[in-house]
Amino acid sequence: FGYEGNCFAEVVAFKPTAVGATRSWLESLYHRVPLLEPTAMHIGYGEAEADGVMVNVLEVGRYE
């Protein structure tokens, strides 16, 4: 919320921990690409739990 740059990618996982989510993203070709983008300048991470299900979200952005 309030990010003034260009958010160009978002990856989502349903893992119980941030470490598990990150491993999942790095093991998936299409989720790994935004994490390796050389123009990426910022990342934001958030997680939430509802009814015993954890969701992990990573936003990747840059200023243009």
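Below are the figures for this structure:
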{"quantity": "Per residue, in Å², the accessible surface of the chain once ligands and nucleic acids are set aside, probe 1.4 Å", "calculated": "73 Å²"}
{"quantity": "Distant-in-sequence amide H partners of Phe8 (H built 1.01 Å from N, under 5 Å)", "calculated": "Val60, Gly61, Arg62"}
{"quantity": "From the C-alpha gyration tensor of the chain, square roots of 5λ in Å", "calculated": "22, 15, 7"}
{"quantity": "The chain, accessible surface, carbon-and-sulfur percent (1.4 angstrom probe)", "calculated": "58 percent"}
{"quantity": "Heavy-atom accessible area order for Phe8, Phe1, Phe14, largest first, 1.4 Å probe", "calculated": "Phe1, Phe14, Phe8"}
{"quantity": "At most 14 other Cβ within 10 Å, DSSP loop - GluC sites (Glu not before Pro), segment 3-48", "calculated": "Glu4"}
{"quantity": "Crossing angle, helix 18-27 versus the chain [Cα axis fit, 0-90 degrees, rounded to tens]", "calculated": "60 degrees"}
{"quantity": "Calculated from backbone phi, Karplus (6.51, -1.76, 1.60) coupling profile of segment 46-57 in Hz, x at Gly/Pro", "calculated": "x, 9, 8, 10, 9, 6, x, 10, 9, 10, 10, 10"}
{"quantity": "FRET efficiency estimate (nearest 0.05) - Cβ-Cβ, Met54 to Phe8, R0 30 angstrom", "calculated": "0.75"}
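The values are calculated or read from the model by the stated rules, or taken from the named source; none is laboratory data. Since the model is a prediction, treat every value here as computed from it, not as a measurement. Please note: Cβ atoms are built from the backbone with ideal geometry, for glycine as well, and neighbour counts cover all protein chains shown. These area figures cover heavy atoms from the full protein model, side chains too; ligands, DNA and RNA do not enter into them. Shrake-Rupley method; radii C 1.70, N 1.55, O 1.52, S 1.80 Å.
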